[in-house]
Amino acid sequence: NTGDLFVQLRLALAFKRWADTEPTNLARSDPQRVSTSAHQALEWTTVNAAEALRLEDRIGSITVGKRADLILVGGSAINQHPQIDPAGTLVFQTSSDDVRTVMVDGKVVKRDGVLLGVNLAELTNRADESARAVLERVRAAVPQLPGTAPAAFDAVADLVNANLGS
């Protein structure tokens, strides 16, 4: 899966809505209302996440005295329009490419879509190397992943190694 957390949020909301309406759908009826709103889904990633981590006194909401961990999204991209419902736009229309500015504890770490103070080439190389090392450990521990044909597993490992230039 993609590391884009907006995609993961959409998947979670879609699954929640599906699970809530499964009996109705199986009865060949249409749900009359959505069970979970986009606003509620955003709460999962903010207030509820902070509570789950027991950090609600420091993060999770925009409150005086809490860390200023904020993202600013939007811009002129067509996928950000129409902007009828802000929560709906964030959940259903936003991708990580739309994140323009990021603040962590009040410090700007991304501005105008560009990470600040990060060597992106070095970071992506480290991520690729980490993936290769993980695959090597997995292959050593489990020569064939359950439900995966050996050729498919080998193909993934070969692709990772090819991208690393090995």
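The values are calculated or read from the model by the stated rules, or taken from the named source; none is laboratory data. Because the structure is a prediction, the values reported are computed rather than measured. FYI the Cβ positions are ideal-geometry reconstructions off the backbone, even for glycines, and counts take in every protein chain you see. The protein model used for the area step is the full one, side chains on, heavy atoms only, and it has no ligands, DNA or RNA in it. Shrake-Rupley method; radii C 1.70, N 1.55, O 1.52, S 1.80 Å.
Numbers below:
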{"read-out": "Straight-distance crosslink candidates among lysines, where the alpha carbon sits under 23 Å from residue 66 and sequence neighbours closer than 8 are dropped", "value": "107, 110"}
{"read-out": "FRET efficiency estimate (nearest 0.05) - Cβ-Cβ, residue 36 to residue 58, R0 30 angstrom", "value": "0.70"}
{"read-out": "Under 18 Å from residue 16, Cα to Cα: aspartates and glutamates that are on another chain or at least 8 residues apart", "value": "30, 43"}
{"read-out": "Kyte-Doolittle at least -1.0, axis length at least 15 Å by Cα - qualifying DSSP helices, the chain", "value": "5-26, 120-141, 150-164"}
{"read-out": "Amide H partners (placed H, <5 Å) of residue 100, local residues excluded", "value": "72, 73, 74"}
{"read-out": "Cα gyration tensor, segment 1-91 - rounded (a/c under 1.5), prolate or oblate", "value": "oblate"}
{"read-out": "Expected 222 nm ellipticity per residue - DSSP helices of 4 or more, -39500 (n - 2.57), all of the chain, to 500", "value": "-14500 deg cm²/dmol"}
{"read-out": "Charged-residue dipole, Cβ positions (Lys, Arg, Asp, Glu), the chain about Cα centre, Debye nearest 20", "value": "220"}
{"read-out": "Percent carbon-and-sulfur accessible area, the chain, ignoring ligands, DNA and RNA, probe 1.4 Å", "value": "58"}
{"read-out": "FRET efficiency for residue 20 and residue 103, using Cβ-Cβ distance with R0 set to 41 Å, rounded to 0.05", "value": "0.75"}
